[in-house]
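One structure is given here, and the rest of the page talks about it.
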Amino acid sequence: MHKRFVLQESDNKRAITNYLASRQRMVDGALQAYLPKPSIKPKTIHKAMRYSVFAGGKRLRPILCLAAAECCGGELSAALPLACAVECVHTYSLIHDDLPCMDDDDLRRGMPTSHKVFGEAIAVLAGDALLTFAFELAAQVPAWPRYSLNDIIRELAIASGSRNLIAGQVADLEGEGKRVSLPALRFIHQSKTAALLRTSIRLGAMSANAAPARLQTLSEFGMSLGLAFQVIDDILDVTQSSETLGKSAGKDLVSEKATYPSVIGLDQSRKVAKRLTEEAHRSLNPFVSKAGILHQLADYLLDREY
Ligand code: GRG
């Protein structure tokens, strides 16, 4: 490979790593400020909420929300409550997914899971409280000329509800130990992963009062990116260690979960992830040059190791 190209590649990698670190700090600072303090009664629940939120997640959904707002010419401060709201929904889903009655996992974000630390009842309640808190956060944004507060709340509710996030979890649980077709697997990925990713991006765009055509473009980007993200998650489950992932690796195989590698094999899964990422890039064409950071995030996610 040409030396200049190698240099440029490592510069790009450094730039995106710095970008992610600075956005993570911004999101962490906002979550620190927004979440009820651990000294507020009942202390146990507020400690449990904070424990999982600050256990070390990548903050991918809030970062995408902020990036979409920026690409549409919006203010980061306007998108921040929504960015934090999607992270709260995401963290709730992880706490509940780890419960003994679901995936029964001991490790998440490199730390013992909520029910291991606080017990099952408090873990259920911490998840419930984070889901509810997400709506409290979303309800504090103003209306924008094109998007009412109803639109915002409805967007978050639909992505988190029984036709998306929960639909995916139900189909995932019901598919365990069974032969799952590729369309059924795509439905699981679309619902349990891509819908919330897409909504994170849409909420960012809505906070920038994006024109409907722009919102549609970003929805398509979010869906392809979300599907690619889950295929990569499936691949990492079989190729990486628990230490690298911060969660139990190889779990999908043990619980006989339908995944891309189990249905079409690792090589084909890598091709699918690449194709979906290319689709995500293509869907941004109408943005011409204004979506640079979204392109970079898509490439970063394809190459990620955890
Ligand atoms: C509603 C209980 C319930 C579950 C919904 C989201 C979910 C279904 C289950 C959680 C486990 C899982 C495999 C979700 C798919 C999405 C996904 C790959 C989550 C992990 O996201 P990352 O890698 O996690 O962004 P961090 O910890 O970095 O935030």
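Tabulated data for the structure shown
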{"read-out": "The chain, relative contact order in percent, only Cα pairs under 8 angstrom and at least six apart counted", "value": "19"}
{"read-out": "Dipole of region 9-302, positive direction: furthest Cα of Thr44, Leu94, Ala258, with charges on the beta-carbon", "value": "Thr44"}
{"read-out": "Shape parameters for the chain, alpha-carbon atoms, Rg then Dmax in Å", "value": "18.8, 61"}
{"read-out": "Cα-projected label distance for Ala33 with Glu278, points at 7 Å along beta-carbon direction, nm", "value": "4.3"}
{"read-out": "Gain upon complete extension [Ala21, Tyr306; 0.36 nm per residue less C-alpha separation]", "value": "101.1 nm"}
{"read-out": "Globularity index of region 134-193, i.e. its alpha-carbon radius of gyration over 2.2 N^0.38 Å", "value": "1.48"}
{"read-out": "Per-peptide average of other Cβ atoms within 10 Å, ordering 10-23, 67-80, 221-234, 271-284 highest first", "value": "221-234, 67-80, 271-284, 10-23"}
{"read-out": "Region 178-306 - charge dipole about Cα centre, Lys and Arg +1 at Cβ, Asp and Glu -1, debye rounded to 20", "value": "420"}
{"read-out": "Dipole moment magnitude, nearest 20 debye, the chain about Cα centre, only Lys, Arg, Asp, Glu C-beta charged", "value": "720"}
{"read-out": "Packing rank of 30-41, 179-190, where each peptide gets the mean count of other beta carbons within 10 Å, highest leading", "value": "179-190, 30-41"}
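Readers should treat all values here as calculations from the given coordinates under stated rules, not as data from a laboratory. For clarity, every value in this text was computed on a predicted model and none was experimentally measured. Using ideal geometry, Cβ is built from the backbone for each residue, glycine included, and neighbour counts are taken over all protein chains shown.
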